[in-house]
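Right, one structure below, let's go through it.
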Amino acid sequence: MALGAHSGDVVGVMHRRSLLAALAASAVLGSTCRTARAQSTAGAGPRLKSLERDEHGTTVLLGLDHAPFPAPGAPYQDDTVLVFVPAHHRYHAEEGLSVLVHFHGHNTTAEHATAAHQLREQLTDSRQNAILVVPQLALMAPDSGCGKLEATSGLARLLQETIVATSRQGRTFGDARFPSGAALGTVCISAHSGGYHAAASCLRCGGVDVRETYLFDGLYAEVETLRDWVTARRGEPLHRRHKLVDYFVESTVTDTNSRALRAELEQAGVLCEEEQQEGMLSRHDLSHAEAVFVRTGVYHSQVTWETNALRDCLYASALPRHLSSDWFARKSGARPIERRR
């Protein structure tokens, strides 16, 4: 399948080949966690860059010391972290503050990827009681490096600073606000394309118990990291297990790696489900499998959003939800595919 052109990500087959070379280099550099000393950079403290409200909720852009960049040895200086608090969010101390962390792909920005992949809209539609955090990775570059997130407990530091800095805008959020001392609740990670390395680094040494990981045509490498993360909790109950959902495009590197990962997980006794055609699995299967592999027919740049892939991952997730939904009314049989426009 030819890849779709998109200004925010991979364009064309030749571009994919150059991407793979860059990914291989970054995977080697990030194969082990760096020390805390390496990730430390002096900063000016949390800063509010912008704040916008719409019918979906409130979006803030922060400058954070524990953002992926700047980092030693990296040329990138943008310390932006985008945070979206849905209007329907309500903080419950007993469940903590649940978070979806998304890592964008190559040649884009956190803002552009959030808009292009309709991340806010999909989180809102899922009605899950979580906030969205999108750190700026390599700015407009074909680079999967993730700076300070490659250090031990890098994700934990980032999320702690994000919670404190975002909570300072509490009045703006109204009923969706949360306290600066909010404990982390359920944490899920999603990644598109070259964002896979940041996701894997956080699973390997982020210092946070990530419950679920969603890859959107992004399994270029790190098969062992994903395997070890899933199998570490195989057979555990729904509220304890590690769950993977992996979307891939046919006849690509991500297809090959997805098949290899599925074989290793099944050999390890992990409950896997696979869709040869998107929509054939039931919503029940999507919710209860420990690893789900979906061969999608859409273009690379559209995998995250065109068929509501992220929304459905969130619906089927362990994230808390306090609003009613009829998504599970049709939990058996092939699930309907609803396209975004």
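Annotations
- Count of residues meeting criterion [part of a strand (DSSP E or B) and within 19 Å of residue 198 (Cβ to Cβ)] in the stretch 46-89: 8
- A count restricted to the stretch 208-224 and to residues that are over 20 Å from residue 234 (Cα atoms) and either assigned to a loop (DSSP other than H, G, I, E, B) or free of Cβ contacts under 8 Å to residues at least 12 places away in the same chain (or both) stands at 5.
- The set of residues in the stretch 104-124 that are closer than 15 Å to residue 214 by Cβ and not hydrophobic (A, V, I, L, M, F, W, C) comprises 104, 105, 117, 118, 122.
- Taken together, the criteria exclude residue 162 from residues that are without any contact (Cβ under 8 Å) to a residue 60 or more places away in the chain, closer than 27 Å to residue 322 by Cβ, polar (S, T, N, Q) and out of contact with any Ser or Thr (no Cβ under 7 Å at 6 or more places or on another chain).
- Residue in the stretch 54-61 that is surrounded by fewer than 19 Cβ atoms within 10 Å (Cβ to Cβ) and without any contact (Cβ under 8 Å) to a residue 24 or more places away in the chain present: yes
- Residue 255 falls short of the stated requirement of being assigned to a helix (DSSP H, G or I) and at pLDDT below 95.
- Checked against the criterion of being under 25 Å from residue 322 (Cβ atoms), of a type outside the set (Ser, Thr, Tyr) and touching a residue at least 40 places away in the same chain (Cβ under 8 Å), the stretch 137-156 has no qualifying residue.
- Count - residues of the stretch 149-171 that are out of contact with any Asp or Glu (no Cβ under 8 Å at 6 or more places or on another chain) and surrounded by fewer than 21 Cβ atoms within 10 Å (Cβ to Cβ): 10
- Residue that is surrounded by the most Cβ atoms within 10 Å (Cβ to Cβ), among those in the stretch 90-147 that are of a type in the set (Gly, Ala, Ser) and assigned to a loop (DSSP other than H, G, I, E, B): 144
- For the stretch 289-304, the set of residues classified as modelled with pLDDT under 95 and in a helix (DSSP H, G or I) is empty.
- Members of the stretch 172-224 found to be buried (at least 20 other Cβ atoms within 10 Å of the Cβ) and polar (S, T, N, Q), listed by number: 186, 190, 193, 201, 213
- Within the stretch 302-319, residues that are under 17 Å from residue 112 (Cα atoms) have Cβ atoms under 6 Å from residues that are crowded, with 24+ Cβ neighbours inside 10 Å and hydrophobic (A, V, I, L, M, F, W, C) in these pairs: 303/216; 304/216; 304/310, counting only partners at least 6 apart in sequence or on another chain.
- Just so you know, in the stretch 148-187 the residues that are in a loop (DSSP other than H, G, I, E, B) and not small (Gly, Ala, Ser) include one that is farthest from residue 60 (Cα to Cα), and it is 152.
- Applying the condition of being charged (D, E, K, R) and within 17 Å of the chain's Cα centre (by Cα) to the stretch 296-341 and asking which residue is farthest from residue 128 (Cα to Cα) yields 306.
- For residue 284, the conditions (1) assigned to a strand (DSSP E or B); (2) more than 23 Å from residue 194 (Cα to Cα) all hold with the exception of (1).
- Among the residues of the stretch 239-249, some residue qualifies, meaning at least one is at pLDDT below 95 and part of a loop (DSSP other than H, G, I, E, B).
- Taking the stretch 233-256 as the range and being surrounded by 13 or more Cβ atoms within 10 Å (Cβ to Cβ) and either of a type in the set (Lys, Arg) or within 25 Å of residue 209 (Cβ to Cβ) (or both) as the test, the residues that pass are 233, 234, 241, 242, 243, 244, 245, 246, 247.
The values are calculated or read from the model by the stated rules, or taken from the named source; none is laboratory data. None of these values were measured; they are calculated from a predicted model. Methodologically, a virtual Cβ is constructed for each residue, glycine included, from the backbone with ideal geometry; neighbour enumeration extends over all protein chains shown.
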